[in-house]
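**Q** What follows is a structure written as structure tokens; I'll ask about it next.
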Amino acid sequence: MANTERAARESAFWCVVPAAGRGTRFGAGVPKQYLPLAGKPLLLCTLERLAAHPRIAGLMVALAADDAHWPGTVSLHGKPVLTCHGGGERADSVLAGLRALDGRMSHDDFVLVHDAARPCVRAEDVSRLIELGIAAGGALLAAPLRDTLKRADAQGFSIATEPREARWRALTPQLFRHGALVAALEATQAAGVVVTDEAMAMERAGHRPLLVEGAESNIKVTTPADMALAEFLLGREC
Ligand code: C5P
């Protein structure tokens, strides 16, 4: 590999964006990633934010096979935007996106994964994740738990208070080596285990991803109230 090509690979990274969810918790007719946010579809807000980051080389968006709303975007901020078909679970969509990047990167190259439903991620958090994550061999943005944590019974009554020390909420982006992440996700799939983020698959494979503290404003839009909050956060630049 030529030095310039190697330098480019080491300084900018592809990002897989799982966007094949149905948004069933949202209760709208349109999948939540296409609901309007600050004048454009939520998914486009997220993609533009990622593409604007100098250390992101391109985007691989995993869409539902029957997605009728994708606007056909092929480039943003001069970066390629590619698409592939996602799967039944978030992890299946991420794995499809990673496989669709085979041939564009080597086994050891780092790749980012970021939820389509997190439009408010801050550029400085992405920068810090990349810097610390490469040094650590893999990392995720996360926020330490600040509230008291309760365990509920089936009727919704609190039956215990869980310790909150050393508990973090996992956010995205998450950064791992392409080959290791594919292997970890394939292993969970083969074991019939549904993982809810990449770090969970990596932990099961024996890795210890670094927790990089990110802003609480990097919310995952899940309910209509989150949409109003995301609009407010985008308005003040998160
Ligand atoms: O459902 P949840 O909010 O956890 O989804 C997180 C992200 O994963 C969303 O961006 C959603 O579109 C995506 N997803 C996916 N494929 C699925 C389920 C969710 O790409 N089968």
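**Q** Cβ-Cβ below 7 Å, separation at least six or inter-chain, first residue in region 51-71 and more than 11 Å from the ligand (Cβ to nearest atom), second at pLDDT 95 or above and charged (D, E, K, R): which pairs?
**A** Qualifying pairs under 7 Å: 51/79; 56/79; 57/79; 58/79; 59/79.
**Q** Among the residues that make up region 58-66, is at least one of them part of a helix (DSSP H, G or I) and open to solvent by 50 Å² or more (accessible area, probe 1.4 Å)?
**A** No; the residues of region 58-66 include none that is part of a helix (DSSP H, G or I) and open to solvent by 50 Å² or more (accessible area, probe 1.4 Å).
**Q** Among the residues of region 144-157, is any touching a residue at least 24 places away in the same chain (Cβ under 8 Å) and under 19 Å from residue 219 (Cβ atoms)?
**A** Checked region 144-157: at least one residue is touching a residue at least 24 places away in the same chain (Cβ under 8 Å) and under 19 Å from residue 219 (Cβ atoms).
**Q** Looking only at region 144-173, count how many residues are of a type in the set (S, T, N, Q) and in contact with a His (Cβ under 8 Å, 6 or more places away or on another chain).
**A** Result for region 144-173: 1.
**Q** Right, something else. Just the residues that are of a type in the set (Asp, Glu) and at pLDDT 95 or above, please, taken from region 163-196.
**A** Passing the criteria: only 186.
**Q** Testing residue 140 on (1) buried (at least 18 other Cβ atoms within 10 Å of the Cβ); (2) away from the ligand (no atom under 16 Å from the Cβ), one condition comes back false. Which one is that?
**A** Of (1) buried (at least 18 other Cβ atoms within 10 Å of the Cβ); (2) away from the ligand (no atom under 16 Å from the Cβ), only one is false for residue 140: (2).
**Q** Considering only residues that are hydrophobic (A, V, I, L, M, F, W, C), more than 19 Å from residue 32 (Cβ to Cβ) and touching a residue at least 60 places away in the same chain (Cβ under 8 Å), which ones fall in region 97-123?
**A** Answer for region 97-123, where residues must be hydrophobic (A, V, I, L, M, F, W, C), more than 19 Å from residue 32 (Cβ to Cβ) and touching a residue at least 60 places away in the same chain (Cβ under 8 Å): 98, 101, 105, 110, 111, 112, 123.
The values are calculated or read from the model by the stated rules, or taken from the named source; none is laboratory data. Because the structure is predicted, anything quoted here is derived from the model rather than measured. Every residue, glycine as well, gets a Cβ built from its backbone with ideal geometry; the counts of neighbours run over all protein chains shown. Quick note on the areas: whole protein, heavy atoms, side chains included, nothing else; ligands and nucleic acids left out. Shrake-Rupley method; radii C 1.70, N 1.55, O 1.52, S 1.80 Å.
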